[in-house]
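The values are calculated or read from the model by the stated rules, or taken from the named source; none is laboratory data. Keep in mind it's a predicted model, so treat the numbers as computed, not measured. All Cβ positions, glycine included, derive from the backbone under ideal geometry; neighbour counts span all protein chains shown.
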Ligand SMILES: [Zn+2]
């Protein structure tokens with residue numbers, strides 16, 4: 001009886017299954033995007049708290065210039081300065097190049113060399129911590145495991161899943177416990193992240209553009225958060241949104 005009902009109305013179950021699966025597909029990139037953003041902080045939180053003091057999102061004002069540093073880890077082994085790039089696809093670049101390139105399907109994006117970006121962060125930290133002139137700074141660039149580095153890089157560049165191993169390779173004690181705690185305190189006191197996010201300098205238009213770039217770099221549709229996938233149309237291959245026809249976003253090649 002029940003089996004008959006299920007068999008007779010098989011199309012209802014099919015519609016429900018397809019519906020649930022497309023809802024999941026639509027929200028998956030959003031869910032994943034959020035996980036990706038939090039992952040470096042979550043990875044660093046699992047370090048031994050007695051040895052490593054973590055500051056996430058350190059914003060420093062240095063001679064009128066603002067530096068936004070993703071993560072700083074103050075330890076007895078030096079100060080780790082971490083820049084996170086949550087990009088997907090292939091990454092091409094060099095230690096000294098001004099710009100690096102991300103390639104995802106036909107989508108290509110240039111972004112400022114994160115090694116250089118991190119050098120600027122170290123300079124800002126050095127200025128704030130000039131009372132401690134002999135600190136060892138260890139800049140590290142972290143890519144998500146969804147990215148593949150296609151160039152040989154000699155600076156410290158790693159993937160999320162390997163970050164803690166890289167940090168633990170630095171085992172020589174170069175900072176006293178007292179200095180470590182003083183530095184951690186001083187950096188937290190200098191952190192202006194609360195006022196920075198609300199400041200006029202970060203205009204609404206810039207935020208919008210940055211959000212679009214960020215979505216594209218993570219292979220997400222900037223309009224609805226769907227996946228960007230290769231599609232075939234009258235004029236050949238193009239990159240469009242997985243939620244077509246509800247969403248008509250495409251990347252112009
Ligand atoms: Zn879309």
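Structural remarks
- Test: residue in region 230-250 that is within 14 Å of the ligand (Cβ to nearest atom) and touching a helix residue (DSSP H, G or I) at 6+ places or on another chain (Cβ under 8 Å): yes
- Residue count, region 73-100 (criterion: under 26 Å from residue 133 (Cβ atoms) and either surrounded by 20 or more Cβ atoms within 10 Å (Cβ to Cβ) or touching a helix residue (DSSP H, G or I) at 6+ places or on another chain (Cβ under 9 Å) (or both)): 11
- Scanning region 106-140 for residues that are under 14 Å from residue 92 (Cα atoms) and touching a residue at least 12 places away in the same chain (Cβ under 8 Å) turns up 107, 109, 111, 112, 113, 114, 115.
- The single condition among (1) farther than 19 Å from residue 44 by Cβ; (2) in contact with a strand residue (DSSP E or B) (Cβ under 9 Å, 6 or more places away or on another chain) that residue 166 does not meet is (1).
- Scanning region 102-112 for residues that are closer than 18 Å to residue 159 by Cβ and either touching a helix residue (DSSP H, G or I) at 6+ places or on another chain (Cβ under 9 Å) or at pLDDT 95 or above (or both) yields 102, 104, 111.
- Test for residue 160: is it in contact with a helix residue (DSSP H, G or I) (Cβ under 6 Å, 6 or more places away or on another chain) and touching a residue at least 40 places away in the same chain (Cβ under 8 Å): yes
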